[in-house]
Amino acid sequence: MVDNRYATALVIGSVLSLLATVYLSVAVGTQQWFQYSSKHGDKTGNGTSPRERFMADDWEEKNFSDLLLQRNGTLGLWWRCIQLPSESLWYREPDDPPAVNESDARAQPADCARQSGCPDPKMETFCVPFTLPQQFRAIPKTPGNGEPEEDLLRTYLWRCQFLLPLVSLALVFLSALVGFCACLCRSFTPTLGVGVLHFLAGLCSLGAVCCFRTSVHLLGPGADGSVGWSFYLALISFPLQIMAGALFLWAARSHRKSYTRIAAYRIA
């Protein structure tokens, strides 16, 4: 029979674990981990529009990092987003390729490119997901120079920042499976394992947050920006998982000591 104190600790720990799982899952699936707020214009034109460079197939970190540093945008674990003018008939970016036919040229006046007398274009958020091969691609120290040397620190920070949250969620799912089996077997002993798994999951969540923050700092130390609400959701999941693990461990150890004392008393 389980004492009411231990049952209450198990219920509170389960609620905390559920909240941490929801917060971390939402954080992983959203792109508001870091928000760039640069006021500098895009000076990296090379004959292609920013939209085309941002979603280029020959993906390199520099292809999107330059745009993120020079435009308002957001960066997540699986998404990258920038603010671009909506595709209107009259507005054209200064570095966009010229119009092909005369009708397009008439629809895009030359004096309507962020100059006085023309209204500002409506901005929209353009997001592109990271593919799995891109997540595992090595990050070079100096891209664009043939076969540059791999930057091991940034490469493994980039990989850990999206792998650790998945590991954390997997550990929580495994702990839930162990707890369900413990309920079926009517045993309190596996609760120790549930607590340990939650501690490991909390450390993985903290590691993911630290890796992302360090990776963003190395990506553009001089960039103006701030962490977003997705980052804070992942950060909040860490103490929730640690508290849930502590409650599970306390309930299991205290119940085991009480059971041992009761058994010794009955024998005596």
Protein-only accessible surface order, largest first, of C160, C211 at 1.4 Å: C160, C211
R5 - accessible surface, heavy atoms, 1.4 Å probe, Å² rounded to 10: 140 Å²
In Å², nearest 10: area of Y156 left accessible to a 1.4 Å probe: 120 Å²
Apportionment of accessible area to carbon and sulfur, segment 169-231, percent (1.4 Å): 74 percent
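The values are calculated or read from the model by the stated rules, or taken from the named source; none is laboratory data. All values reported here derive from a predicted model rather than from experimental measurement. Side chains included, ligands, DNA and RNA excluded: accessible areas come from the protein's heavy atoms. Shrake-Rupley method; radii C 1.70, N 1.55, O 1.52, S 1.80 Å.
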